[in-house]
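Visitor: Got a structure here, written out as structure tokens. Questions coming.
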Amino acid sequence: MYLLIPAAGSGRRIGSDRNKLLLPVFGKPLIAWTLLAAKLSRSIRWIGVVGQPDDFPDFKDIINGIGMSKMVHLIPGGDTRQASVFCGLQGLPAVAERVLIHDGARCLVTPALFDRCAEELLTCPGLIAAVPVKDTIKIVQPTSQMITGTPDRGNLWAAQTPQGFQVEALTRCHQEGEDKGWQVTDDAMLFEQCGFPVKIVPGEETNLKVTTIMDLAIAEFILRQRAK
Ligand code: CTP
Ligand code: MG
């Protein structure tokens, strides 16, 4: 299975002056943990890390340091996550039929979750890892700040990555998204908007996206527990 790792962000919300994926977590740069989970999965054979070229020297050191230089390829990314994934799709080998996409910032992903998604992707065109929402969600009118609705929580799932797709179909969706100026926050949303079915694969409660300093502290705690 082919894996693309969007890693071309900056880490604005974490307050870092460099890519948050280079910040240390439990003794290693954040992205090293993401890569090591992929290395330990049975299914992933080829990895494209989509990054800003300025970060490539650091990424190369990390990739060499964890013995992954044979399977990891660096691909220049874009200004948004959406643009970076599109760059990644164009950097895949022509023979790639299916691809998993997994945010570099979700460094607590397990090899088992990669394998579950890879296996399920053999039987459907698109899927995402997701978990049931725990909070009650409110829809709020932005100017008045008044609640306009409360969707039934039983039907709400929080989207995670990995997300998996047929490469040709996803590439067409990204092209259409770019042509029509759609702005999406995950790849499934493009796939859905183009009319393709997307399936849910049970994700993991611990598979959080490191976005804030609090997330970084939680990630450090969980990695420490796992090492015991
Ligand atoms: N990403 C990317 N290309 C971009 C922006 C983001 O590949 N132009 C990647 C990030 O590196 C991350 C994932 O997409 O692995 C999810 O993005 P996010 O958590 O928003 O990371 P940042 O954009 O770095 O953080 P922030 O939005 O706080 O600046
Ligand atoms: Mg971002």
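We did not get these values from a lab; they are worked out from the coordinates using the rules stated. This structure is a prediction, so every number in the text was calculated from the model and none was measured. FYI the Cβ positions are ideal-geometry reconstructions off the backbone, even for glycines, and counts take in every protein chain you see.
Visitor: For the chain, state the semi-axes of the equivalent ellipsoid (square roots of 5 times the eigenvalues of the alpha-carbon gyration tensor), sorted largest first and rounded to whole angstrom.
Guide: 26, 22, 18
Visitor: Explain nothing, just compute: Karplus ³J(HN,Hα) = 6.51 cos²θ - 1.76 cosθ + 1.60, θ = phi - 60°, for every residue of the stretch 185-195 in order, whole Hz, x for Gly and Pro.
Guide: Karplus values, whole Hz, x for Gly and Pro: 9, 8, 6, 4, 4, 5, 4, 4, 5, 8, x.
Visitor: Please sort 57-66, 184-193, 104-113 by packing, taking for each peptide the average over its residues of neighbouring beta carbons within 10 angstrom, highest first.
Guide: Ranking the peptides 57-66, 184-193, 104-113 by packing returns 104-113, 184-193, 57-66.
Visitor: What is the sum of charges around Ala8, taking Lys and Arg as +1, Asp and Glu as -1, for the other residues whose C-beta is under 12 Å from the C-beta of Ala8?
Guide: Here the charged neighbours net out to -2.
Visitor: With both bridge residues required to lie in the stretch 2-227, what share of the DSSP beta bridges run antiparallel, to the nearest 5%?
Guide: Approximately 45 percent, going by the DSSP bridge assignments.
Visitor: Taking a point 7 angstrom from the Cα of Glu168 along the C-beta vector, which residues in the stretch 69-111 have backbone N less than 18 Å away?
Guide: Residues 89-100 fall inside that zone.
Visitor: Something else: State the Cα centre-to-centre distance between the stretch 169-228 and the stretch 1-80 in whole Å.
Guide: What the calculation gives is 15 Å, centre to centre.
Visitor: Quick one: which residues, 5+ away or cross-chain, put their amide H under 5 Å from the amide H of Gly48? H built at 1.01 Å from N.
Guide: Close amide H contacts, sequence-distant or interchain: Leu3, Leu4, Ile5, His73.
Visitor: Starting from the Cα of Ala158, move 7 Å in the Cα-to-Cβ direction to define the label point; list residues of the stretch 208-228 whose amide nitrogen is under 12 Å from there.
Guide: The answer is 208-211, 215.
Visitor: For the stretch 2-227, what is the number of Lys pairs with C-alpha distance below 24 angstrom, counting only pairs 8 or more positions apart or on separate chains?
Guide: 17
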